[in-house]
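Scroll down for the structure; my scribbles are underneath it.
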Amino acid sequence: MTIFIPAAGQLKRGELWKKRNQTNVKIKKFMEKTIRRHAKIACAVVVGMLINHGQLGQAGWSGAMNGTGYGWASVNVTSSFGVFGTANTPNMTGPSASMDPTTGYAANAFLPYGSSSFTVARIKGSPGYVWKANTADSNGDSTDNPELESRVNIVPADCALLTIESSLSSSNGHSGTITVDAVGTGGTAIWLRGFEFHGQGAPGGIDDLKTNGAVKWDILLVGPFDLTRSNCNAIIIPFTVETDFTNLFFLADGVAKSSNPLTISCPSNVVFECTGSPLAYPPLQTSGGCGNVAVTYSPPANLLPNGVPTLVTATATDSVGNTNSCTFTATRQGLAFNGFYPPINGTDGTCPAPLRTINKGSIIPVKFDVTCNGLPYGLGTPTLTIQQYSSPQQGCNPVGIPFTGDFQYSASVWHINWDTSGVNFPKNTVYKLIATLQDGTTREVFVKLK
């Protein structure tokens, strides 16, 4: 609405007061209409133009969009390796995913090397000035918005978290209100701006919009704050444009900075004894992060190969998806096995060609010793499994397990007696003896009874 007040010299005295009274009535009606429009949103806080100036800050996401959904949106990331770059999030949906890149903004770019793959910063937009965005402190990753950094100082806080959601509450084509729900902890800030573009055609980018646009609103808030419709404190932005919604752009920037990034510390080396017990890495020290922190290992301890130093990656993940990793070397000591004692005297063989042939009915002592780091190892309990095989003419296939038992330890030797006299051990048959050692490995030998 445009109100014209003529100069005093253009009217007679009575006409001047008459015109002034008419003008006051128009202003009063306009304000009443505006108040009624705002009152449709219960308990909301009305914010006009607010311009603050500060010192330092960093943005988690940035976007600019007109009423039809045309614009730009991105998440700008600085990695822990100091590599700068811009990237939008993989889960960004239309129209943001198709927004063209411009200065300071990028679409469909990769996160810089060294940045957390769980960087928690997302923004998407839809027609009608609908922004949905959130950001949280992300494992030391920061974000790049020099313009915002020059305006506000964000004091880092634990578990910084920021979310906004906006919508067009009412409009008549040239004026209306935008409602914004915004929740931010300490360590956060939001910057909401409106520009009406007066250049030719569509703006060529953010810089073109700012150079050839008029500021309609400028709101800068530093957390903590809780401004939502649910608590009657939503941000209400009234606006009027000279042209239409295609030229009015809503800019949104968000920041989250943490004072307590997630860290994890690894030992330099872990050595497991020669054992078959379930293995577990020693607890690692973590600090910072948000909520519960879980640590995973690759490879798991039970999958470590025997006797081979292995590089292990430990990854800590907190409740909002921040991650950090460290590495260490783990070695699972393997038992040294020197073969079965006589009369078996060795290992291996095959079903068609067994290592030894022994008389049926004899009692065969099955003996061996193992060492760990060169010393006799008598802990744990190795077991013996005897597996019967069919004849070579019938394919040399396993047909049963007639015996299992535990070895006994005496004088640094593990031993068990195999009594072949029973009906469970027919002659002219091949058997595979399987010794399962304390570290879970097996040693095998094929023997034939004649």
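Laboratory data are not the source of any read-out in this text; all were calculated from the coordinates shown. Everything numeric in this text was worked out from a predicted model, so none of it was measured. Cβ placement follows ideal geometry from the backbone for every residue including glycine, while neighbour counts extend to all protein chains displayed.
Among Y341, Y129, which comes first, second and so on when ranked by fewest other beta-carbon atoms within 10 Å? Intermediate values should be presented prior to the final figure.
Numbers: Y341 16, Y129 28.
Listing Y341, Y129 from fewest to most nearby Cβ atoms yields Y341, Y129.
You can think of it this way: the chain between S391 and N233 has 48.3 nm of extra reach, that is 0.36 nm per residue less the Cα-Cα gap.
Annotation for the stretch 360-389 versus the stretch 303-355: alpha-carbon center distance of 20 Å.
Highest mean first, the peptides 178-190, 397-409, 425-437, 358-370 sorted by other C-beta atoms within 10 Å per residue fall in the order 178-190, 425-437, 358-370, 397-409.
Length available on full extension from E444 to S410: 0.36 nm per residue minus the Cα-Cα distance, which gives 10.1 nm. Simple spin-label estimate for L303 and I434 gives 2.2 nm between the two label positions (7 Å along the Cα-to-Cβ direction from each Cα).
State the antiparallel share, in %, of DSSP beta bridges confined to the stretch 263-332, rounding to the nearest 5. Intermediate values should be presented prior to the final figure.
Numbers: 16 of 21 bridges.
Antiparallel bridges: around 75 percent, rounded to the nearest 5.
On a per residue basis, the convex hull of the C-alpha atoms belonging to the stretch 336-449 measures out at 94 Å³. Under the criterion of Cα pairs below 8 Å and six or more residues apart, the relative contact order for the stretch 198-313 equals 16 percent.
Its relative contact order, with pairs defined as Cα atoms under 8 Å and 6+ residues apart, puts the stretch 336-449 at 34 percent.
For the stretch 263-332, a/c is not less than 1.5, where a ≥ b ≥ c are the root eigenvalues of the C-alpha gyration tensor, and a/b tops b/c. That puts it in the prolate class.
For the stretch 389-430, the residues whose amide N sits under 16 Å from a probe point set 7 Å from the Cα of A353 along the beta carbon direction are 392. If a paramagnetic tag sat 7 Å from the Cα of N269 along the Cα-Cβ line, which residues of the stretch 281-309 would have the backbone N under 16 Å from that point? Within reach of a label on N269: 307-309.
Stretching the chain fully between A202 and T313 yields a gain of 35.0 nm (0.36 nm per residue, less the alpha carbon separation).
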